[in-house]
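Some notes on the structure that comes next.
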Amino acid sequence: MKIEEIDNIELKYLSIDDYAELKDAMILAYQNMPESYWKESQIQSLISKFGKGQVVIKINGELAGCALSIIVDYDEFSESHTYKEITQNYSFNSHNDNGDVLYGIDVFIKPEFRGLRLGRRLYDYRKELCEQLNLRGIAFGGRIPNYHKYINELSPKEYIEKVKRKEINDPVLNFQISNDFHPVKVMKGYLDGDTDSNEVAVLLEWDNIYYQRATKKAATKKSVVRIGLIQWQMRPYKKLEDLLQQAEYFVDAVAGYRSDFALFPEFFNAPLMAENNHMSGSEAIRELAKYTDRIVQKFSELSISYNINIISGSMPEMRDGILYNVGYLCKRDGTIERYEKLHVTPDEAKVWGMQGGTELKVFDTDCGKIGILICYDSEFPELSRLLADEGMDILFIPFLTDTQNGYSRVRHCAQARAIENECYVAIAGSVGNLPNVHNMDIQFAQSMVFTPCDFAFPSNGIKAEATPNTEMTLIADVDIDLLRELNRFGSVRNLHDRRKDIFQLTKTNQS
């Protein structure tokens with residue numbers, strides 16, 4: 001049929017009234033297979049058990065194609081199952097409303113309607129149904145009807161590889177792969193009487209990236225996460241309580257907008273060094289480290305009382321006589337986790353005698369997996385890539401930069417991390433000056449939230465940006481589901497397309 005002859009295309013649920021037309025269509029679609037149609041009682045059974053799983057496409061009122069499916073508890077079947085087993089001897093009693101996988105029983109287009117991309121419509125419907133029912137994926141045994149031409153020279157595995165490389169044209173398998181189904185294994189003896197495929201089928205699966213496993217906890221997995229960035233003004237404080245009062249003011253502000261995270265900058269507590277400005281820089285920073293435990297305790301209390309996850313920026317900390325630059329993730333459930341700056345700057349090492357940490361990890365939160373890199377660490381792409389390999393969705397970067405060129409290094413590297421790791425990146429810094437604190441005289445910052453660059457995101461990769469060098473908060477929503485779509489269907493797929501056959505990135509043993 002030509003496109004100009006089409007007046008109407010409808011996707012409809014299959015009705016038993018369609019049976020006579022369905023039978024004729026199946027006979028035409030499977031001319032090389034004897035008894036290649038379902039009996040009326042079988043179709044009635046399918047409709048009764050799972051009406052939403054049975055759909056037809058009609059063109060100008062004529063049945064042009066059909067897709068039949070059931071829901072199964074997939075773990076009850078081995079990966080080497082047969083068509084007879086999965087349908088429970090063609091009775092479809094294997095259908096289970098509480099199952100976890102949509103299993104494709106049949107899909108076909110009548111010969112005269114092929115070439116109109118109707119099959120894609122049927123597959124798209126199955127994917128939408130799978131997502132709607134919160135099933136973990138779709139599976140089916142795909143025929144390889146051209147395999148009989150190569151049966152004496154190629155194994156099924158070799159045949160599939162050549163089809164994937166476009167060296168052999170198999171219209172059925174090519175179509176399924178182009179619709180995001182991936183081959184899992186070869187199944188021999190799958191469909192009785194399928195001589196064209198030598199009774200060999202390919203187990204094909206499609207993963208539902210939106211699937212959420214049922215949980216017994218009274219909690220929900222958030223898709224849209226609200227981030228609160230605190231662009232902190234450096235100003236003199238006479239005592240710790242004054243600094244903590246200002247910190248609580250900002251926590252209160254971003255929590256008032258129901259933010260899930262509050263991000264403080266690197267060394268936001270540096271104003272407390274002013275009282276020790278008569279000391280050397282290395283001595284003053286070690287005196288500042290004495291406040292860290294009390295600040296962390298207060299932040300943990302704030303995270304609980306304001307129902308927000310607080311990323312404490314960073315602070316100096318002494319451990320076993322060694323000075324580190326560290327921060328704490330204070331979760332709203334009361335737990336506290338620690339992160340370290342792994343690469344200290346030359347200035348931190350020379351002036352303060354600070355040393356780099358050794359621990360790099362992803363943190364599980366009630367809003368997904370996050371990573372935290374302190375300032376200079378963002379300029380080393382290996383770190384964020386390791387975090388991305390562990391499932392990081394949001395990377396937080398607390399920073400402190402004195403000049404615009406220093407800020408530009410952090411800003412541009414952070415944006416690159418968002419693109420190459422298919423994640424969101426939030427950076428927060430301090431502004432103003434501290435004339436009475438050695439080595440912390442001036443600050444330059446513009447806090448921002450970066451995204452990947454694809455159609456679902458801002459074209460320039462910037463979700464939100466603060467006014468440069470002004471004390472303020474910046475609040476932005478990020479949609480985690482968009483990252484899942486990008487990972488599977490993006491214009492480019494940086495994580496998926498890495499050539500792991502020629503390079504690898506791994507962590508060394510950490511002390």
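Every read-out reported here was derived from the displayed coordinates using simple, explicitly stated rules and does not represent laboratory data. Note that the structure is predicted; figures quoted are calculated from it, not measured. As a convention, Cβ positions derive from the backbone with ideal geometry for all residues, glycine included, and neighbour counts pool all protein chains shown.
Okay, here's what the table says:
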| read-out | value |
| --- | --- |
| Antiparallel DSSP beta bridges within the chain, percent to nearest 5 | 75 |
| Centre separation in Å (Cα based) which lies between region 430-499 and region 158-202 | 44 |
| Theoretical gain in end-to-end length, Asp124 to Ile27 [0.36 nm per residue, Cα-Cα removed] | 32.5 nm |
| Quarter of Cα convex hull surface for the chain, i.e. mean projection, nm² | 29.0 |
| Antiparallel content of DSSP bridges confined to region 224-489, in %, to 5 | 60 |
| Crossing angle, helix 404-421 versus the chain [Cα axis fit, 0-90 degrees, rounded to tens] | 20 |
| Degrees separating the helix 118-132 axis from the principal Cα axis of the chain, which is the longest one | 50 |
| Inter-probe distance in nm under a simple model that places probes 7 Å from Cα toward Cβ, at Asn174 and Asp17 | 3.9 |
| Charge dipole of the chain about the Cα centre (unit charges at C-beta), most positive-ward option of Thr345, Ser155, Ala414 | Thr345 |
| Net lengthening on full extension, Arg213/Phe455 (0.36 nm per residue, minus Cα-Cα) | 84.3 nm |
| Between region 21-86 and region 349-399, the Cα center-to-center distance that results, in Å | 51 |
| Length gained when the stretch Ser282-Tyr249 is fully extended (0.36 nm per residue, less Cα-Cα span) | 8.8 nm |
| Neighbourhood charge, 11 Å Cβ-Cβ cut-off, centred on Tyr424 and excluding it, Lys, Arg +1 and Asp, Glu -1 | -2 |
| Solution diffusion estimate, µm²/s, Stokes-Einstein, region 348-452, Kirkwood Rh from C-alpha pairs, 10 °C, viscosity 1.306 mPa s | 110 |
| In degrees, nearest ten, helix 19-29 long axis to first principal axis of the chain (Cα) | 90 |
| Debye, to nearest 20: dipole size of the chain, +1 on Lys, Arg Cβ, -1 on Asp, Glu Cβ | 360 |
| Ranked Leu302, Leu244, criterion: other C-beta atoms within 10 Å, fewest first | Leu244, Leu302 |
| Rg(Cα) / (2.2 N^0.38 Å) computed for region 224-489, rounded to two decimals | 0.94 |
| The chain: calculated mean residue ellipticity at 222 nm from DSSP helix runs of at least 4, using -39500 (n - 2.57) | -8000 deg cm²/dmol |
| Debye, to nearest 20: dipole size of region 1-137, +1 on Lys, Arg Cβ, -1 on Asp, Glu Cβ | 220 |
